[in-house]
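Have a look at the structure below, then the notes.
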Amino acid sequence: MIRFRQGVVYGQWRIHESDFLNIDIRTPSYEEQQSIICFFEKLNKAITLHQRKLDLLKEQKKGFLQNMFV
């Protein structure tokens with residue numbers, strides 16, 4: 001994109017529409033996209049499991065505090 005810039009206006013590059021529409025954008029291969037999806041799905045599952053464990057521990061803490069002051 002650097003070769004298409006025409007000038008700087010308030011810290012932003014000015015690129016003509018025709019140049020912008022002709023810029024090649026690299027994207028990962030289908031296999032790599034699937035690997036990325038799999039990684040984030042596993043990460044979401046791990047976060048969910050830890051969140052559930054945290055919620056259970058918070059409930060357990062509440063119970064202990066209630067028993068402590070009875």
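Taken together, the values in this text are just the output of simple stated rules run on the coordinates, not laboratory data. On a predicted model such as this, the values are computed, not experimentally measured, just so you know. Here Cβ is always computed from backbone atoms with ideal geometry, including for glycine, and neighbour counts include all displayed protein chains.
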_Hits in region 17-65 - residues which are under 18 Å from the mean Cα position of the chain (by Cα) and outside any helix (DSSP H, G or I)_ = Thr27, Pro28
*Just need a number here: residues in region 14-50 that are among the hydrophobic types (A, V, I, L, M, F, W, C) and in contact with a Pro (Cβ under 9 Å, 6 or more places away or on another chain).*
1
